[in-house]
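The values are calculated or read from the model by the stated rules, or taken from the named source; none is laboratory data. All values reported here derive from a predicted model rather than from experimental measurement. Every residue, glycine among them, receives a Cβ derived from its backbone with ideal geometry; neighbour counts consider all protein chains shown.
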Amino acid sequence: MVMAREFMFLALFLTCVTTYMSISFPRGWKDTEISVKPAFANLHSAKRSKFKSLMQTGYLPSTQRNVITSVPTSLPTCGRPVTNFVFIKVHKTASGSTFRVLARFGRNHGMTICYPALRRKAIHIQLSYPSGKLTKDDCRPSPGRKYNLIIHHSVMNKPAMDRVMEPGTKYIGIFREPLNHFRSIFFWKRRVARRNENPLGAFLNTTHDRKKTYSKHKNFQAYTMGFPKRLMTSKNETQIYEEIRTVAGWYSVVLITEYWEESLVLLRRKFCWRLYDILHTTQKLHALHTKKEHVSLTTEQEETHRKMSNVDYMMYDYLNKTFWQRVTNEGPEFWEEVTYYKTLNSEVNKHCNSVGGKRVFPAGKWSQEFVIDSPFCKELKWKEDRWADACWDVVERQNEETKQILKKFSGVK
Ligand SMILES: *[C@@H]1O[C@H](CO)[C@@H](O)[C@H](O)[C@H]1NC(C)=O
Ligand SMILES: *[C@@H]1O[C@H](CO)[C@@H](O)[C@H](O)[C@H]1NC(C)=O
Ligand SMILES: *[C@@H]1O[C@H](CO)[C@@H](O)[C@H](O)[C@H]1NC(C)=O
């Protein structure tokens, strides 16, 4: 009997150790298919190879190494995780994938979502898009509580959002390289265009939207992120840059689509979350990519878009620089964590796509122990609307509790 029990312990111990090893020191992780980008972000091939080598070494390229100023000797300890935030969901920036990650976090932390009161808004995952107008009446009621989660499509309107949200709410934005964004949003709700030979090139052969302050193709991301319409057509670059700095200053973190997973790690660090919180499906969200979207454009055509969407280009430039500066400030351990995260995430996906069921992921340098199970795996595939509903269910439960408490009180005379 005793022998059998000891043997069982030994077996269990060995299983733990091997699992731990495979997570901490994944055998030949270089061979593992680690996505260096979200499938929907298309980096130009030159940039991609540069970025890939960067990812494989896990460190910044040598030219950037000397920029690193602070190297933390021990991991910064975290206080309380941020559980009060607005995500500005910009169309065609991988914001859908981000939505799913953030909604799961919101549901897991019992956050009170401002769920669109209007059904026609809700089905399009919209809140204050495209007007930017928002009052608490635009959210489904949550008596006695302020909201601490907005993730539906909204146009940044800080004063209005601050009024609706719990005090101290943090803002998360997202931004994509403007030409990539243009290629993607161009075909959105414009399927007919796909029939033409080279719709993007034809479109850029003539100038468009000159009279508009913004449009799908013109400074769309800047507009959604809160850049004021009145300055959109300004010819004064100093003024535009000043405003970009102001807008960027409203956000705690701005995710960069081209470096989506790196952005999530930065978010995790800034918001004191766990790696578990940013696990995501590696399945492509938008598999509908055609050759027409990736067609090569002439320098003139690219220049036309650059001129048309000038604020987006300036803003991307600023936000991307800021992003890399912040990554640099995190020190080289940041890249160690990114590599660990990508491996962990691909392990989780592999598990969910094969055996499924319960599995313990032991603690490692960058993550606490966590367990995934079949509900987790099922949820990994949930679409945005399913997640939005799950967040609403939390509020409904909260509302029910409030009702019960009020009933009790009114019963006591
Ligand atoms: C765009 O203009 C260039 C130069 O005028 C022309 O060669 C090209 O065929 C045009 N492209 C499309 C798709 O119309
Ligand atoms: C451009 O904007 C800056 C900052 O708002 C201002 O100081 C400057 O006078 C403006 N320049 C012109 C030519 O209007
Ligand atoms: C973003 O910034 C990095 C670092 O400065 C640069 O290497 C990279 O080319 C930029 N990305 C894009 C898509 O412009």
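Laid out as a table, the results:
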| quantity | calculated |
| --- | --- |
| Exclusive hit being more than 16 Å from ligand 3 (Cβ to nearest atom) and either in contact with a Gly (Cβ under 7 Å, 6 or more places away or on another chain) or of a type in the set (D, E, K, R) (or both), set 373, 317 | 373 |
| Residue check for residue 329: out of contact with any Cys (no Cβ under 8 Å at 6 or more places or on another chain), within 30 Å of residue 187 (Cα to Cα) and within 16 Å of ligand 3 (Cβ to nearest atom) | no |
| Residues of the stretch 263-294 satisfying the condition of being surrounded by 15 or more Cβ atoms within 10 Å (Cβ to Cβ), within 18 Å of residue 349 (Cα to Cα) and among the charged types (D, E, K, R) | 274, 277 |
| Candidate set from the stretch 340-352 (those that are touching a residue at least 12 places away in the same chain (Cβ under 8 Å) and over 17 Å from residue 273 (Cα atoms)); member that is farthest from the chain's Cα centre (by Cα) | 351 |
| Given (1) assigned to a loop (DSSP other than H, G, I, E, B); (2) within 21 Å of residue 97 (Cα to Cα); (3) not aromatic (Phe, Trp, Tyr), number of the condition residue 389 does not satisfy | (1) |
| Search result, residues across the stretch 243-261 that are within 15 Å of ligand 3 (Cβ to nearest atom) and either touching a strand residue (DSSP E or B) at 6+ places or on another chain (Cβ under 8 Å) or closer than 15 Å to residue 226 by Cβ (or both) | 248, 254, 255, 256, 257 |
| Tabulated pairs, the stretch 91-103, first within 18 Å of residue 376 (Cα to Cα), second basic (Lys, Arg), C-beta under 8 angstrom, 6+ apart or interchain | 98/89; 99/89; 100/383 |
| Residue satisfying condition, being farther than 20 Å from residue 86 by Cβ, modelled with pLDDT under 95, touching a strand residue (DSSP E or B) at 6+ places or on another chain (Cβ under 9 Å) and not polar (S, T, N, Q), within set 216, 212 | 212 |
| Filter result for the condition that a residue is of a type in the set (D, E, K, R) and within 16 Å of ligand 2 (Cβ to nearest atom), over 245, 269, 190, 274 | 245 |
| Scan of the stretch 170-197 for residues that are within 14 Å of ligand 3 (Cβ to nearest atom), at pLDDT 95 or above and either more than 23 Å from residue 255 (Cα to Cα) or charged (D, E, K, R) (or both), ordered by number | 176, 177 |
| Residue count, the stretch 246-275 (criterion: assigned to a loop (DSSP other than H, G, I, E, B) and farther than 23 Å from residue 180 by Cα) | 6 |
| Residues that are basic (Lys, Arg) and crowded, with 17+ Cβ neighbours inside 10 Å, drawn from the stretch 300-350 | 342 |
| Selected residue [modelled with pLDDT under 95, surrounded by fewer than 20 Cβ atoms within 10 Å (Cβ to Cβ) and closer than 26 Å to residue 401 by Cα] from 119, 163, 140, 145 | 145 |
| Every residue from the stretch 149-176 that is of a type in the set (S, T, N, Q) and in contact with a Gly (Cβ under 9 Å, 6 or more places away or on another chain) | 154, 157 |
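Condition check ((1) in contact with a strand residue (DSSP E or B) (Cβ under 9 Å, 6 or more places away or on another chain); (2) farther than 29 Å from residue 132 by Cβ; (3) surrounded by 14 or more Cβ atoms within 10 Å (Cβ to Cβ)) across all residues:
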site: 201; (1), (2), (3): no, yes, yes
site: 204; (1), (2), (3): no, no, yes
site: 241; (1), (2), (3): no, no, yes
site: 296; (1), (2), (3): no, yes, no
